[in-house]
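Structure incoming, see below.
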Amino acid sequence: AGIIEIDNLSKQYGSGTKALNNVSMSIEEGEIIALLGPNGAGKTTLISIICGLVEASSGSVKVGGHDLRTDWRAARKMIGLVPQEIALEPFEKVINCVRFTRGLYGEGPDEAYIEKVLRSLALWDKRNAATRELSGGMKRRVLIAKALSHRPKVLFLDEPTAGVDVALRREMWEVVEQLRRDGVTIILTTHYLEEAEEMADRIGVINHGQLLLVKSKDELMGEFGKKT
Ligand code: ADP
Ligand code: ADP
């Protein structure tokens, strides 16, 4: 079984909106998956359910064999989420933000690990800076450092490059490449085909709450006639 097993997942919000319709998917350890789809497709809903922030209407999700409905805590510890919105305490030091998030997961201190994370994200020199002093790219990297603070096996990146310029987009792609080398399983959402192609091993196309297809990058490009 994959590190994430999604089985027949559906979500209907109280408003009546059907955000997800019978989504099933298996994600292997170490792979990078892009969920590609337009605004309103259901990408954030899917991520929010897997991360335990939103309850599914039906279906099941297992993370590392732990069923979200019965074993939520164990499942949650295996996951890190980098949210779309940058929400950081402006006057807090970078390193404290990361320590704080680690604490939220009930993990004891591990300064050596936090140093490793900050170094790998080129934030070590900024560890004592207040987050409000950082550039947009650095702030995004702090969000990633926070999401990695408890050593998750799976990292979710919700629209990591929404609204950022080309240089910053490249920077994010490089960070993802680095995380891949560290063996982290990554699930990201995007509405740019170019970005999905650049970063992911497999691409899941989602629209109107349905997972239309999941293909390796090469298969998908072949279908659009871009590669021979
Ligand atoms: P995406 O991330 O692909 O843009 P979302 O998962 O955010 O898609 O949204 C899927 C659908 O569910 C949309 O129609 C959206 O308006 C609706 N939706 C999302 N969140 C909520 C919510 N909290 N309450 C009601 N409807 C929602
Ligand atoms: P998570 O990463 O699990 O979503 P957050 O790090 O966003 O959790 O923190 C949850 C709450 O704690 C938020 O209200 C946030 O503003 C606050 N918070 C985050 N970092 C700090 C910090 N270093 N010191 C004090 N409060 C913080």
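Taken together, the values in this text are just the output of simple stated rules run on the coordinates, not laboratory data. No experiment lies behind these values; they were computed from the predicted model shown. With ideal geometry, Cβ positions are generated from the backbone for all residues, glycine too; neighbour counts draw on all protein chains shown.
Over every pair of different alpha-carbon atoms in the chain, take the mean of 1/r and invert it; report that Kirkwood radius in Å. Could you put the intermediate results ahead of the total?
Working: mean 1/r = 0.0553 Å⁻¹.
Final number for the Kirkwood radius of the chain is 18.1 Å.
I've got another one for you. Would you calculate a helix-derived [θ] at 222 nm for the chain, using -39,500 (n - 2.57) for each DSSP H run of n ≥ 4 and dividing by the full residue count, to the nearest 500? Before the final figure, lay out the partial values.
Values: 8 runs with 77 residues, N = 228.
One gets -10000 deg cm²/dmol as the mean residue ellipticity at 222 nm.
Something else now. Can you return the aspartates and glutamates within cross-link range of Lys116? Criterion is Cα-Cα under 16 Å, with same-chain partners fewer than 8 residues away left out.
Within reach: Asp125, Asp182.
Here's a follow-up. So for the pair Ala87, Asp201, with labels modelled 7 Å out along Cα→Cβ, what separation do we get in nm?
With each label point 7 Å from Cα toward Cβ, the separation is 3.2 nm.
Can you compute the equivalent ellipsoid semi-axes for segment 88-183, i.e. the square root of 5 times each eigenvalue of the Cα gyration tensor, sorted largest first and rounded to whole Å?
Numbers: eigenvalues 80, 55, 28 Å².
Three semi-axes, in Å: 20, 17, 12.
A follow-up question, please. How do 184-190, 6-12 rank on mean C-beta neighbours within 10 Å, highest first?
Working: 184-190: 23.9, 6-12: 18.0.
Ranked from most to least packed, the peptides come out as 184-190, 6-12.
How large is ³J(HN,Hα) for each residue in segment 166-177, as worked out from phi by the Karplus curve 6.51 cos²θ - 1.76 cosθ + 1.60 (θ = phi - 60°), to whole Hz, x for Gly and Pro?
Listing the rounded values in order: 4, 4, 5, 4, 4, 4, 5, 4, 5, 4, 4, 4 Hz.
Counting pairwise Cα distances across segment 154-223, what percent come out greater than 21 angstrom? Intermediate values should be presented prior to the final figure.
Values: 612 of 2415 pairs.
Considering segment 154-223, 25 percent of its Cα-Cα pairs are separated by more than 21 Å.
Any idea what the relative contact order of the chain is, in percent, if you count C-alpha pairs under 8 Å spaced at least 6 apart? Please list the in-between numbers first.
Working: 419 pairs, mean separation 64.8, N = 228.
Across the chain, relative contact order equals 28 percent.
Same structure, new question: Please list, in chain and number order, the residues 5+ apart from Leu35 or on another chain whose amide H is under 5 Å from its amide H, with Hs placed from the backbone.
Leu188, Thr189, Thr190, Gly204
I would also like to ask the following. If amide H atoms are built 1.01 Å from N in the plane of the peptide, which residues on other chains or at least 5 residues away come under 5 Å of the amide H of Leu20?
Long-range HN contacts for Leu20: Lys11.
Would you pull out the residues with amide H under 5 Å of Asn207's amide H, same chain only if 5 or more places away, H placed 1.01 Å from N?
Residues meeting the criterion, in which the H sits 1.01 Å from N, are Leu212.
Counting only C-alpha contacts under 8 Å and six or more residues apart, can you give the relative contact order of segment 76-207 as a whole percent? Could the numbers behind the result be given before it?
Numbers: 159 pairs, mean separation 41.3, N = 132.
Value for segment 76-207: 31 percent.
Restricting to DSSP loop positions (anything but H, G, I, E, B) with no more than 15 other Cβ atoms inside 10 Å of their own Cβ, which GluC sites (Glu not before Pro) remain in segment 1-68? Could you put the intermediate results ahead of the total?
Details: sites: Glu5, Glu28, Glu29, Glu31, Glu55; in loops: Glu28, Glu29, Glu31, Glu55.
The qualifying sites are Glu28, Glu29, Glu55.
Let me ask you something else. Cα to Cα, under 29 Å, and not fewer than 8 places away if on the same chain: which lysines meet these conditions relative to Lys11?
Lys43, Lys62, Lys77, Lys146, Lys153, Lys215, Lys217
A further question follows. Could you let me know the centre-to-centre spacing of segment 149-181 and segment 1-72, using Cα atoms, in angstrom?
Cα centroid of segment 149-181 versus Cα centroid of segment 1-72: 20 Å apart.
Run the quick spin-label model on Asp218 and Ser26: label points 7 Å from Cα toward the beta carbon, then report their separation in nm to one decimal.
Between Asp218 and Ser26, the simple spin-label model gives 2.1 nm.
For a label point 7 angstrom out from the Cα of Lys116 toward its Cβ, which stretches of segment 157-195 have the backbone nitrogen within less than 17 Å?
178-185
For segment 106-123, just list the computed ³J(HN,Hα) in residue order, Karplus coefficients 6.51, -1.76 and 1.60, θ = phi - 60°, integers in Hz, with x standing in for Gly and Pro.
x, 8, x, x, 8, 5, 5, 5, 4, 4, 4, 4, 5, 5, 5, 9, 6, 10
Quick one: compute the contact order of segment 1-114, relative version, from alpha carbon pairs under 8 angstrom and 6+ residues apart, as a percent. Please report the intermediate quantities before stating the final value.
Details: 140 pairs, mean separation 25.9, N = 114.
Reported relative contact order: 23 percent.
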